[in-house]
Each structure stands twice: as structure tokens, then as C-alpha cells.
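Derivation of every value follows stated rules applied to the coordinates shown; laboratory data play no part. These numbers were taken from a predicted model, which means no experiment stands behind them. Here the Cβ is made from the backbone with ideal geometry for all residues, glycine too, and neighbour counts use every protein chain on show.
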Amino acid sequence: MASMISVDGLHKAYGSTIAVDDVSFSVEEGEIFGVLGPNGAGKTTTVECIQGLRSVDRGTIRALGFDPTTEAGELRQRIGSQLQDSALPGRLRVAESIELFSAFARNPVDIDQLLSQWRLEEQRDQPFASLSGGQRQRLFIALAFVNSPELVFLDELTQGLDPQARRATWELIREIRYHGTTVVLVTHFMDEAEQLCDRLAVVDRGRLIALDTPQGLVDGLGLSSIVRFSTSESDLSWIERLDVVDSVTREGDSVEVRGSGGVLALVAAELVAHGIVPVDLRVDRPTLEDAFLALTGRAIRS
């Protein structure tokens with residue numbers, strides 16, 4: 001599979017503040033690649049350098065085979081970009097904005113198709129100033145696809161969208177990838193990263209601290225699952241002896257068993273073998289957010 005993006009030793013500083021600290025990764029053709037991290041971690045600066053929107057202090061970048069520092073004009077004809085901070089003139093109408101952006105594209109998408117795809121038909125003749133936050137966000141995403149890009153960058157894709165619009169947008173991104181567009185998704189939303197991304201680069205304080213599939217990040221840290229159930233049985237030492245069990249704690253009849261691997265199946269089997277069939281047996285498995293917090297050591301900044 002061909003690399004659409006190659007980043008090697010990228011370094012970017014603003015005065016004494018290091019925004020990106022020797023970051024390296026590649027993005028393969030046809031994948032949805034996530035850049036995950038708290039606000040201020042350096043993820044937006046990283047993708048803006050890849051697009052040629054910011055200068056590079058040190059390191060090399062190739063996107064679609066182009067050097068963004070010297071071939072940014074040619075690169076931008078073949079990529080799409082939805083930036084985190086965007087604005088349009090207040091009086092510019094929705095269809096007019098798409099027409100304007102289409103004028104600069106070599107292979108523009110049909111305007112009616114974009115309006116329909118991003119549910120903007122009813123806002124076609126509305127000025128930008130009258131749009132809601134969610135409608136503005138959908139318009140900016142539509143503008144990122146106006147030139148039929150091979151590679152698209154989406155920064156905080158669903159910020160400001162309601163839950164229904166978020167899910168609909170996720171489906172569109174999957175469909176876009178299915179039709180051959182490679183997607184770089186910048187986000188700090190765990191559910192979005194988990195649902196959409198094939199691989200994730202976790203960035204914190206300017207450094208790349210992990211790179212794997214969402215499930216691979218969780219599995220690689222060996223985080224515990226927690227099996228919960230209730231029983232009046234006082235002696236549970238036989239559960240503690242299971243190899244997959246790390247600890248057993250209880251408060252009254254409520255029991256928590258922390259462990260790894262197939263801890264749920266093995267605990268359930270032991271309970272049945274000892275004549276205990278709790279109706280509230282359940283398991284809390286480690287999530288991507290748990291992995292993120294384990295990697296960064298602090299809560300997500302929003």
C-alpha cells in the first residue's frame with residue numbers, strides 16, 4: 001500500500017514554545033488516520049505543516065509525493081482541508097461560497113451534489129451570517145471536498161454538531177473513504193477516533209507518544225477489565241487464585257474483580273461451578289479514553 005504522507009523528524013517552535021517535537025509517522029493510501037490529543041498538544045500545527053500552511057523548522061515531509069514547503073500550490077490542488085478556525089464573509093450565500101471555491105479547483109464536484117451530501121439544500125440561498133453553528137460546520141466540510149481531493153484533512157470534524165448530525169457525518173466520511181479518498185482526522189473526541197480511525201497517532205506536548213489501531217492502543221497497555229457482580233458468599237478466595245485475576249475487592253455484597261484476558265468468562269465459569277449465578281454479572285472493559293489517560297497521565301483538555 002502506498003504512503004500518501006510521510007513525516008520524518010518534524011520540529012516546529014514558536015519562540016521558546018515547542019509545538020511539534022521531532023514527530024515521525026506515515027499515512028497509507030485509503031485509510032482514515034487519526035491525530036488524537038488534547039487541545040494545545042501540537043496536532044493542528046502538525047497537519048498544517050503537512051499542508052504547507054506553516055513553515056517547518058526541521059524535518060522532512062512528503063504529501064502525495066510533494067514537498068509542502070516548495071510545492072504547496074500543486075499539493076493544494078489535490079487535497080481538501082477543513083480547518084479548525086474558519087470563517088466566510090457574512091453576506092456570502094452558501095451556494096455562492098461553493099461556487100467561489102469551485103472556481104479554483106481543477107476537478108470541481110457538482111454544487112448540487114455537495115449541497116445534498118452535506119444536507120445544505122435548504123440553506124442554499126442563506127447568507128453565511130445566518131447559519132447555525134452546525135450548518136457552518138457542514139458547509140466548511142463541504143468546501144473541503146469541492147475539488148474531488150485524493151487526500152483530505154478534517155480538523156475537529158464534528159465540533160458544534162448535534163449527536164444525530166455527528167453520526168450522519170461519520171457515515172459520510174466512511175463512504176468517502178470507501179470511494180478512495182484518504183482521510184486525516186484531527187480530533188480530541190474519543191468516540192469519534194474509536195469509531196472512524198484505522199490507526200491513531202497520539203500526540204501530547206508536541207511529541208508522538210503512541211501509534212497503533214484504536215484497539216491496539218488499548219490492548220498494548222494491558223489495562224484491566226473489571227467484572228462486577230453481587231453475592232452473599234463470604235469466601236471468594238478461589239476467584240483470587242485464577243491466573244487472569246489481579247485483585248478482588250468487595251463492599252457488602254458488591255464484588256469487583258480486576259483482571260485481563262478472558263477474565264469475564266473464567267470468573268463466570270468459576271461462579272457457576274460454585275453454585276453462584278448472579279443476575280447482575282457484568283464487565284467494564286478498558287476504552288480508548290482509558291488508554292489515552294494512561295498514556296498522558298491526565299484528563300483531556302477541552
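At a glance:
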{"read-out": "Isotropically averaged projected area of segment 157-247, using the convex hull of Cα atoms (one quarter of hull area), nm²", "value": "10.0 nm²"}
{"read-out": "Net charge over other residues, Cβ less than 15 angstrom from the Cβ of Gly180 (K, R count +1; D, E count -1)", "value": "-3"}
{"read-out": "Estimated Rh, segment 181-302: Kirkwood, alpha-carbon pairs, angstrom", "value": "16.4 Å"}
{"read-out": "Amide H partners (placed H, <5 Å) of Glu28, local residues excluded", "value": "Met4"}
{"read-out": "Ranked list, fewest to most other Cβ atoms within 10 Å of each Cβ, for Phe292, Phe66, Phe145", "value": "Phe66, Phe145, Phe292"}
{"read-out": "Length added when fully stretched, Asp191-Glu122, from 0.36 nm per residue minus Cα-Cα", "value": "21.9 nm"}
{"read-out": "Dipole of segment 224-285 [Lys/Arg +1, Asp/Glu -1 at C-beta], most positive-end residue of Gly275, Ser234, Gly261", "value": "Gly261"}
{"read-out": "Hull volume in cubic angstrom per residue (convex hull over the Cα atoms of segment 1-91)", "value": "133 Å³"}
{"read-out": "Ala13/Trp170 FRET efficiency (R0 35 Å; Cβ-Cβ; nearest 0.05)", "value": "0.50"}
{"read-out": "Kirkwood hydrodynamic radius over Cα pairs of segment 224-285, then Stokes diffusion coefficient at 4 °C and 1.567 mPa s, in µm²/s", "value": "115 µm²/s"}
{"read-out": "Segment 3-219 - Rg and Dmax from Cα coordinates, angstrom", "value": "16.9, 51"}
{"read-out": "By average C-beta atoms within 10 angstrom, highest first, the peptides 279-285, 95-101", "value": "95-101, 279-285"}
